[in-house]
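Trainee: Handing you this structure, nothing more for now.
The values are calculated or read from the model by the stated rules, or taken from the named source; none is laboratory data. Because the structure is a prediction, the values reported are computed rather than measured. Here the Cβ is made from the backbone with ideal geometry for all residues, glycine too, and neighbour counts use every protein chain on show. Please note that ligands, DNA and RNA were not included when accessible areas were found on the heavy atoms of the full protein model with its side chains. Shrake-Rupley method; radii C 1.70, N 1.55, O 1.52, S 1.80 Å.
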Amino acid sequence: SKENSEIELKHVSLSSFQLLLHYAYTGRVELNGAKLQGVLELMETGDRFSFLALKDAIASQLSSLINLSTVLPIYLSAHRLELKQLQESCLTFSDKNAAAILQENALLTLPEDALSQILQRDTFLVEEMSIYRTVLLWMQENNVIESDLLRCVRLSEIPSQFLVDLSEPNGCFSETEVFAALKIRIKRNWEAMRPRGRIERNKNLFDYEECAFLQGNITWKQVSNQETVGDPLGGVGREGIRVRPRVWSGGG
């Protein structure tokens with residue numbers, strides 16, 4: 001009978017639906033002490049049942065909770081719900097912690113398009129071989145033979161001694177692709193290269209550990225048209241710009 005009929009709601013946890021009902025009747029929801037997974041479930045449940053104000057309120061709070069252990073779960077929910085601002089907050093955090101992000105196991109559970117958004121960013125500053133290894137691990141973990149994620153790997157940014165091992169059958173790239181990358185490096189075709197880097201306003205990112213040192217005197221005016229910036233050999237770099245110097249030897 002209609003009185004005893006039940007509606008089955010699939011893919012909705014009991015706890016998140018109870019919180020949603022409480023919000024529907026009171027206009028409030030208490031999340032103090034709630035686990036991240038429960039908060040994300042509530043946000044997605046709110047989106048599913050068109051409680052958009054609840055979804056947006058939770059999304060705005062999640063931005064302040066982003067850290068190394070939470071960024072990928074939050075990013076995945078933001079990606080599913082197309083929450084652009086929350087996605088960008090997660091991506092910006094990932095840019096600043098790129099090497100650590102690649103060590104997170106949760107990265108291998110991301111959908112292909114979500115992971116691609118992270119790896120293809122110019123500002124995701126990490127060694128290109130690390131990108132390649134991550135893509136291989138993701139393909140193995142997800143039983144994928146071919147993946148568009150390989151397009152995120154910038155072959156021209158990989159040192160020549162490693163490039164030769166990336167061509168088929170041992171690697172994932174064609175001989176033509178590897179040869180083209182080698183040609184770019186050997187001829188030092190700067191315009192064809194796609195280096196990664198990022199800008200941070202009002203922050204000096206000059207790092208002696210990653211820089212090559214020159215003996216002798218050189219003025220900033222010789223390497224830049226900006227005469228107002230301090231001499232980098234004196235310990236001051238161009239404000240807000242991080243540059244990874246290239247040291248060339250031999251053919252590439």
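Trainee: Rank T70, T176 by accessible area, highest first, at a 1.4 Å probe radius?
Mentor: The most accessible residue leads, giving T176, T70.
Trainee: A further question follows. Rank R151, R80 by accessible area, highest first, at a 1.4 Å probe radius?
Mentor: Descending order: R151, R80.
Trainee: Show me the GluC sites (Glu not before Pro) within region 75-110 that DSSP assigns to loop and that have at most 14 other Cβ atoms within 10 Å of their Cβ.
Mentor: E82
Trainee: Separate question: Mind listing the Cα extents of region 17-160 along all three principal axes, in Å, largest one first?
Mentor: The Cα atoms of region 17-160 stretch 64, 29, 22 Å along the principal axes, largest first.
Trainee: Right, here's the next one. Along the Cα-to-Cβ line of F49, 7 Å from the Cα, sits a label point; which residues in region 13-33 have backbone N less than 20 Å from it?
Mentor: 13-32
Trainee: I would also like to ask the following. Starting with the highest mean, order 179-187, 37-45 by the number of other Cβ atoms within 10 Å, averaged over the residues of each peptide.
Mentor: 37-45, 179-187
Trainee: Taking the Cα of D113, stepping 7 Å toward and past its beta carbon, and measuring to each backbone N in region 60-99: which are under 20 Å?
Mentor: Residues passing the 20 Å test: 72-92.
Trainee: Over the Cα atoms, compute the radius of gyration (one decimal) and Dmax (the largest Cα-Cα distance, rounded to a whole number) for region 96-175, in Å.
Mentor: Radius of gyration, then largest Cα-Cα span, for region 96-175: 12.2, 35 Å.
Trainee: If you take the beta carbon distance between S69 and T92 as r and set R0 to 22 Å, what does 1/(1 + (r/R0)^6) give as a FRET efficiency, to the nearest 0.05?
Mentor: Numbers: r = 17 Å, r/R0 = 0.77.
Computed FRET efficiency for S69 and T92: 0.85.
Trainee: Next question, about the same structure. Stretch S5-F162 to full length: gain in nm at 0.36 nm per residue minus the Cα-Cα span?
Mentor: Gain on stretching S5 to F162: 50.1 nm.
Trainee: With a 1.4 Å probe and all protein chains in place, put W138, W190 in order of accessible area, largest first.
Mentor: The residues order as W190, W138, largest area first.
Trainee: How much length is gained on full extension from A106 to A180, taking 0.36 nm per residue of separation minus their Cα-Cα distance?
Mentor: Details: separation 74, 0.36 × 74 = 26.64 nm, distance 3.35 nm.
So the extension gain works out to 23.3 nm.
Trainee: Per residue, how much accessible area does region 37-122 have with a 1.4 Å probe, in Å²?
Mentor: Roughly 47 Å² per residue, with all protein chains present.
Trainee: Between D56 and S130, what length in nm is gained on full extension when 0.36 nm per residue of separation is reduced by their alpha carbon distance?
Mentor: Extra length from D56 to S130 when fully extended: 23.1 nm.
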